[in-house]
Amino acid sequence: MDLPYLEDVSPGTGSLPPRAWYARSDAVSLSLNGSWRFRLSPTAFAADDSFAADGYDAGAWDTVAVPGHWVLEGHGAPVYTNMVYPFPVDPPRVPTENPTGDHLRTFDLPDDWPATGGGTLRFDGVESCARVWLNGTELGEFKGSRLPHEFAVGHLLKPSGNVLAVRVHQWSSGSYLEDQDQWWLPGIFRDVTLLHRPEGCALDFFTHASYDHRAGTGTLRVDSDVEGQVSVPELGIEVATGESVTVPVEPWTAETPRLYDGILATAGERVPLRIGFRTVAVEDGVIKVNGRRILFRGVNRHEFHPERGRALDLATMRTDVLLMKQNNINAVRTSHYPPHPAFLDFCDELGLWVIDECDLETHGFTEQEWRDNPVDDDRWTPALLDRAARMVERDKNHPSVIIWSLGNECGTGRGLEAMARWIRERDTGRLIHYEGDQSCAYTDMYSRMYADHAEVERIGRREDTDGPERRRQLPFILCEYGHAMGNGPGGLSEYQRLFEAHERNQGGFIWEWIDHGFEHPEFGYAYGGDFGEELHDGNFVCDGLLFPDRCGSPGLDAYKRVIQPVRFGYDKAAGTVRVTNLHDFADLSHLSFGWMYISDDDAVNEVGELAVPPELGPGESVELKLPDPPPASRATETFLHLTAMVGVETNWTKLDHVVARDEFALTPRPAVRVATGERPVREGDFITLGPGTFDARTGELRTLSGISLASAPRLDIWRAPTDNDNGASWQGGRRNGLLWRELGLHRMQHRLDAVELTDDALTVRTRVAPASRNIGLRAVYRWTSDAAQLRLTVSVMPEGEWTVPLPRLGIRLGLPAAYGFAHWFGGGPGEAYPDTAAASDTGRHLMPVDRMQTPYVRPQENGARAGVRWAELRAGFSGEGVRVVGDPAFWFTARRWTTEQLDAATHRTDLTPGETLWVHLDHGQQGIGSQSCGPGVLPQYELHAAPAEFSLTFSRREATPEDEPTLPPLPPFAG
Ligand code: GAL
């Protein structure tokens, strides 16, 4: 049966051959972005195509923005699925219900539009299939959503009253090739441009610019379909196209993105060139650029904006690159399609290594064991080759692009091999990546996603004997790891060590850059299911290092620290600091260095500059002597903080931007004075002990120095499971979040066994256990006092067979809501858990409790501060309040809702502050891991049920007249 064009497997008809993309030449162009007339039909052929004819009156139609997605402009709704197709799998057929958007606009040619020459109409991205008419003449139709498509239109143009009509179908055969884990968002979502094509204009051209690191020279050759001259004034280059020239140059790298401006001049057009000289190769089983091994400190980036979906503006694209640079990220995989081409211009200019990935994923076929998979079916191969060519031809002149990726999660097959073959022939200067080719039959590197640490170590040693010998000779990357869904990912430092220890392990790309949550009046941010989708994958679409508004999550702070390009060491005995340059190319001349001795009581606070030699090369270290630390005799803990900051003007951040930082303890923490000596006294229903009053029947603390507690301190082991606690549905292994709930750890019952008074202590014996189980925890609370302070020692003894780690182990108490301003000495300023604590700096921190919340799109456990020695909750910045000193240091969490409310919430807007300030003082926290799509918590970060004892000393803190610092505004979230 003859299928209509949208279901036909062919890539399309009528368009021009693909070619290099450039933003601007001296030829005139006209942007056709803006407001277009729009009509939505429920099926592909519900409306006839008379709207394309001259003179059609679309006055009654609605309007939409181009670029845009109609589902974000009040016509239908977005749909989110991860890997399943939201329609029956019967390739290449698509449902009859196929939202179809007719788009119409008229335009006049600008006055400076030359009378001679031709015209090209360019679409940079339309999802998923479009049919185009100009002035009533059909130009053709195309598929390949995130790829450019051009049509020759010169012969059809009129000075005024041109009518451009575009029919866009949400579903097409192309949809089978675009099953990426993201929202399905139909529309003309990238620019539409009319380009004047002068006589003798440039067509396609390929800038070859290699670098010989031995000679320090670059070789340039620009191959052009249309002959012309190439000039690079700065290098004195003036050659014909097709001719090679070799001159001394500074190479391009992601760390030193040296670009040279050039011009390609054909008879009719001058096209700007931005040339970066670099050579990419696999040598000795390692990816090298300009002769040196590189290490990817990468992220996977989808295009996303919380209001505009994948219709990104230039400012947002630039912001993404700047944020990456500012967070020490040096590489981006354009998962899972070529980005807007301007994004690559920013990567060239600011410096990022790019894996440019083709717009190809057929993941949903895994549901049928890959049967009928288009990448292994010759009928589809032209469509695959078309996609490969459109990517390579468009992006081949970007120095930042060093690797082509064939696509994502398509299994494997002949079509992919054909793509690789074609690309290799077309471009010998880059490498080929595809994670699905596990035997590396047609790729240049071994690539995996979410492999655990042990396996990455084996691979690093080239001991991956489960694959062919050829593979073991190839470099290794993790094209996805560290699943940044919700709280986490944990375990990144351990990966980084494996990347540094084994030459073969050339780093990885965190999954992923940004949460795809849509701004929503009811939910705050919406995720899968919030638009009433039949099939959806919930909040799996929110798994980024950035929240949807591009504010960084704690995961980004931790990653920045884990991958920092400078390492510090400290030799206490010698009083020397060791600074190692971990860049791959750059010396340290762009950085300035500082040291600081800090202490808890402000008594010690010395700072100075560290004279690190600016010429210290990549991989080199230097030892530097520090001034003597403050005398160790002081009764306070002191630390050495070391910092590397940007010290010269850059185009990606401000002066003094912190690039790297570390700390070292100089003195151990002085012993905490044990508050004891007072005698508990029973009077009627109450027991008094120092500043505390207790309920005589229950032994529960009621007041502390006159402050009424909203809830007495008691043992707490529950946390609102994180996405990483819950794990992914397809993971067979242990999924703690589920096991915890199954055991009933979210509804522990507290049994009182005894309230005992002795000369110097009030002891309360309890057993804490879930209904229906025989496991439990004996918890003994021992209270003592020195009159001014009240000390609580909690002893915990597990009973029965605990087969799961504990979520947390500590106490929680409720304070009056007024005590909403926190000060503490310990880790901060941000959140940290045992395996996510890289960015936690010991020092004095202060902030309103509201600011201590991390606004995960799906609410979950968050906000702990690590290694807290003492914390105060005050009524205002300098007001009175409660002080608690930990022995040992504790995990500090405070919030205006309970863990149960946090656990029940599905969106930020479900959380509203209550009358109680809930304070968690934890002795232990279970690690976070990355099990929402990867390995779980490493054994060393598990919190096992084991005998434990910890103390907390409470006292009242009086108000002090201190000047309130100005704090930046609160992050946007409920509360
Ligand atoms: C990978 C996939 C990504 C994303 C991720 C989980 O398998 O390539 O697109 O789905 O898992 O978030």
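The values are calculated or read from the model by the stated rules, or taken from the named source; none is laboratory data. It should be emphasised that the depicted structure is a prediction, and the values quoted were computed from it without experimental measurement. In this analysis, Cβ positions are derived from the backbone assuming ideal geometry, glycine residues included, and neighbour counts consider all displayed protein chains. Ligands, DNA and RNA are stripped out before the accessible areas are found, and what is left, the full protein with its side chains, is counted by its heavy atoms. Shrake-Rupley method; radii C 1.70, N 1.55, O 1.52, S 1.80 Å.
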Problem - Overall form of the range 681-965 per C-alpha gyration tensor (a/c, 1.5; a/b vs b/c) - result: oblate
Exercise for the section: For the range 365-397, run through the GluC sites (Glu not before Pro) and keep only the ones in DSSP coil with at most 10 other Cβ atoms within 10 Å of their Cβ. Expected result: 369
Practice task
Along Cα→Cβ, 7 Å out, is where each label goes; now give me the distance between the ones at residue 366 and residue 501 in nm to one decimal.
Solution key: 2.8
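Would you work out if the range 169-227 is rounded, prolate or oblate? Take a ≥ b ≥ c from the square roots of the eigenvalues of the alpha-carbon gyration tensor; rounded if a/c is under 1.5, else prolate when a/b is larger than b/c, oblate otherwise. Could the numbers behind the result be given before it?
Details: a/c = 3.65, a/b = 1.65, b/c = 2.21.
Judged from the Cα gyration tensor, the range 169-227 comes out oblate (a/c at least 1.5, b/c at or above a/b).
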Handout entry: Coil-residue GluC sites (Glu not before Pro) of the range 794-849, DSSP, other Cβ within 10 Å capped at 10
Key = 801
Problem - At R0 = 56 Å, FRET efficiency that the Cβ-Cβ distance of residue 112 and residue 801 yields, to 0.05 - result: 0.10
Problem - Per-residue ³J(HN,Hα) for the range 278-294, Karplus 6.51 cos²θ - 1.76 cosθ + 1.60, θ = phi - 60°, Hz, x for Gly and Pro - result: 6, 10, 10, 7, 9, 10, 6, x, 9, 6, 10, 10, 6, x, 10, 5, 10
Handout entry: FRET efficiency for residue 738 and residue 567, using Cβ-Cβ distance with R0 set to 60 Å, rounded to 0.05
Key = 0.95
Problem - Paramagnetic reach from residue 155 in the range 118-137 [backbone N under 19 Å; point 7 Å along Cα→Cβ] - result: 118-122, 132-137
Fill in the blank from the handout: A correct Karplus calculation of ³J(HN,Hα) over the range 88-99, with 6.51 cos²θ - 1.76 cosθ + 1.60, θ = phi - 60°, whole Hz and x for Gly and Pro, returns x, 8, 8, x, x, 6, 10, x, 5, 6, 9, x
Handout entry: Coarse-grained scattering of the chain at q = 0.08 Å⁻¹, given as base-10 log I(q)/I(0) from a Debye sum over alpha-carbon atoms
Key = -0.84
Practice task
Rounded to the nearest Å, what's the spacing between the alpha carbon centres of the range 15-85 and the range 228-263? Just the number, please.
Solution key: 39
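Would you compute, from DSSP H runs of 4+ residues alone, the mean residue ellipticity of the chain at 222 nm, taking -39500 (n - 2.57) per run and dividing by the full residue count, rounded to the nearest 500? The partial results should precede the final answer.
On the way: 11 runs with 100 residues, N = 975.
One gets -3000 deg cm²/dmol as the mean residue ellipticity at 222 nm.
Rolling a 1.4 Å sphere over the protein heavy atoms, what is the accessible area per residue of the range 350-429, to the nearest Å²?
With the other protein chains kept in place, the range 350-429 gives 30 Å² per residue.
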Completion exercise
Whole-Hz Karplus couplings 3J(HN,Hα) for the range 772-778, θ = phi - 60° and coefficients 6.51, -1.76, 1.60, Gly and Pro as x, run 6, 10, 9, 8, x, 10, 6
Problem - Kirkwood Rh and Cα Rg combined as Rg/Rh, the range 741-827 - result: 1.03
Exercise for the section: List every residue whose amide H lies under 5 Å from the amide H of residue 43, counting only residues 5 or more places away in sequence or on a different chain, with H placed 1.01 Å from N in the peptide plane. Expected result: 98, 100
Handout entry: Cα centroid separation - the range 696-747 against the range 123-176, whole Å
Key = 57
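If a/c stays under 1.5 just call it rounded; otherwise compare a/b with b/c (prolate if a/b is bigger, oblate if not). Do that for the range 282-561, with a ≥ b ≥ c from the square roots of the Cα gyration tensor eigenvalues. Walk me through the intermediate numbers first.
Numbers: a/c = 1.39, a/b = 1.19, b/c = 1.17.
It comes out rounded by the Cα gyration axes.
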Handout entry: Estimated FRET transfer efficiency (residue 787, residue 698; beta-carbon r; R0 25 Å; 0.05)
Key = 0.60
Exercise for the section: Loop only per DSSP, at most 14 neighbouring Cβ atoms within 10 Å: give me the GluC sites (Glu not before Pro) in the range 264-330, ordered by residue number. Expected result: 307
Practice task
For the chain, give the magnitude of the charge dipole about the Cα centre (Cβ charges: +1 Lys/Arg, -1 Asp/Glu; no others), in debye to the nearest 20.
Solution key: 2340
Exercise for the section: Could you pull the accessible area for residue 750 with a 1.4 Å probe, rounded to 10 Å²? Expected result: 60
Fill in the blank from the handout: Amide H proximity to residue 660 below 5 Å, modelled H, separation 5+ or other chain, gives 644
Completion exercise
The answer for residue 526, listing residues at least 5 apart or on another chain whose modeled amide H is closer than 5 Å to its amide H, is 518, 519, 520
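Using only Cα atoms, what Kirkwood radius does the range 564-665 have, in angstroms? Write down the numbers at each step before the final one.
Values: mean 1/r = 0.0701 Å⁻¹.
Result for the range 564-665 stands at 14.3 Å.
Quick one: Cα convex hull volume of the range 446-485, Å³ per residue?
Details: hull volume 2.4 nm³, N = 40.
For the range 446-485, the hull spanned by Cα atoms encloses 61 Å³ per residue.
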